[in-house]
Amino acid sequence: MKRVYIILMLSIIVWLPALAEGQEKADTIYIPPYPVSGHHAFKGGEHLAFTLNYGIVTGGKAFLSVADTVINDQKALHIVGRGETVGLADVLYKIRDRYESYITEDTNLPIRAVRSIREGRYRYYNEVDYLRDSSQVVSQKSGVHDVQEGILDIISAFYFARSHKFNDELEMDEVIEFMTYFSDENFPLRIRYRGTETVKTKFGKVMCYKFSPVTEVGRAFKTEEDMHVWITKDRNRIPVRVKFNLAVGSFTCELDEFKGLKYPFDSIQF
């Protein structure tokens, strides 16, 4: 049960960390050094709040926020993803996880990534700097590593996808690929586009893009039907629902609050 809580709480921070649990390692995935489109789906001041539910029981909360900042004398966006257990889950196994990414405004590529983990008695902290000129990363934990051009961290991968990958040009069953540097390793992330679907939310019916992870059989998720993610089919492209089917039951992460969106929430169908 502790392992389930860890996977789920990491997931609702930005859902991609859970996919890393089920990905087969690969040496290289091609990523263009710069985005191919000029769309930017978010801005400083955006805030998203989520709840994790097991049936009628709420077991966790997660938050995603974007703020304008300056790092290394350049303007940047500071993205923070926080996840925490609540209620009985908090009593059984307290989680206070925080992921941070500093990204450039123009390319959405990471400058620095921070991972701060508190899960029960376990503690972990690391910072990774991304050196674009030399295609290297510098980890506080393990030093300098060569990486491929255009590599992302877990948080920036999601925001990069919001601006440059989630769009109407996707074809049914197309696989989107990212190479990330996660836990001092290269981790490929692959998600499959499942088409569009309208989902019922507390805000009304929302038209969404639907995605499923492409995972290695026998790892965290046994089939591609064990996890689905719904992203709004508008210019904001925010997650409104993540659903997991696990041996212990079905868990759903729902968007509970939003503010500071860059564009109107046009995908809501009242």
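Quick look at the numbers
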read-out	value
Hits in segment 78-101 (condition: surrounded by fewer than 22 Cβ atoms within 10 Å (Cβ to Cβ) and β-branched (Val, Ile, Thr))	VAL80, VAL86, VAL91
Segments classed as strands (runs of 3 or more DSSP E), wholly inside segment 43-103, with at least 2 members that are more than 22 Å from ARG162 (Cβ to Cβ), out of contact with any helix residue (DSSP H, G or I) (no Cβ under 7 Å at 6 or more places or on another chain) and touching a residue at least 12 places away in the same chain (Cβ under 8 Å)	47-54
Given (1) modelled with pLDDT under 80; (2) closer than 27 Å to ASP106 by Cα, number of the condition LYS25 does not satisfy	(2)
Subset of segment 111-136 [part of a strand (DSSP E or B) and more than 20 Å from THR180 (Cβ to Cβ)]	ARG118, GLU119, TYR122, ARG123
Subset of segment 120-147 (residues that are hydroxyl-bearing (Ser, Thr, Tyr) and open to solvent by 10 Å² or more (accessible area, probe 1.4 Å))	TYR122, TYR124, TYR125, TYR130, SER134, SER135, SER142
Qualifying residue in segment 148-170 (condition: assigned to a strand (DSSP E or B), of a type outside the set (Lys, Arg), within 18 Å of ASN108 (Cβ to Cβ) and out of contact with any Ser or Thr (no Cβ under 9 Å at 6 or more places or on another chain))	no
Pair list, Cβ < 8 Å and 6+ apart or interchain, from segment 106-120 residues that are in contact (Cβ under 8 Å) with a residue 12 or more places away in the chain to residues that are small (Gly, Ala, Ser) and open to solvent by 10 Å² or more (accessible area, probe 1.4 Å)	ARG115/SER183
Among (1) on the phi < 0 side of the Ramachandran plot; (2) open to solvent by less than 10 Å² (accessible area, probe 1.4 Å); (3) touching a residue at least 60 places away in the same chain (Cβ under 8 Å) - the single one GLY150 does not satisfy	(1)
GLU169 vs. criteria surrounded by fewer than 23 Cβ atoms within 10 Å (Cβ to Cβ) and out of contact with any helix residue (DSSP H, G or I) (no Cβ under 8 Å at 6 or more places or on another chain)	yes
Odd one out for ILE117 among (1) at pLDDT below 95; (2) open to solvent by 40 Å² or more (accessible area, probe 1.4 Å); (3) over 14 Å from the mean Cα position of the chain (by Cα)	(2)
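Every residue, every condition in (1) open to solvent by 10 Å² or more (accessible area, probe 1.4 Å); (2) touching a strand residue (DSSP E or B) at 6+ places or on another chain (Cβ under 8 Å); (3) at pLDDT 90 or above, yes or no:
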residue: ILE154; (1), (2), (3): no, yes, no
residue: PHE187; (1), (2), (3): yes, yes, no
residue: GLY195; (1), (2), (3): no, yes, yes
residue: LYS202; (1), (2), (3): yes, yes, yes
residue: SER212; (1), (2), (3): no, yes, no
residue: TRP230; (1), (2), (3): yes, yes, yes
residue: ILE238; (1), (2), (3): no, yes, yes
residue: ASP266; (1), (2), (3): yes, no, yes
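The values are calculated or read from the model by the stated rules, or taken from the named source; none is laboratory data. Everything numeric in this text was worked out from a predicted model, so none of it was measured. In this analysis, Cβ positions are derived from the backbone assuming ideal geometry, glycine residues included, and neighbour counts consider all displayed protein chains. Calculation scope for accessible area: heavy atoms of the full protein, side chains included, ligands and nucleic acids excluded. Shrake-Rupley method; radii C 1.70, N 1.55, O 1.52, S 1.80 Å.
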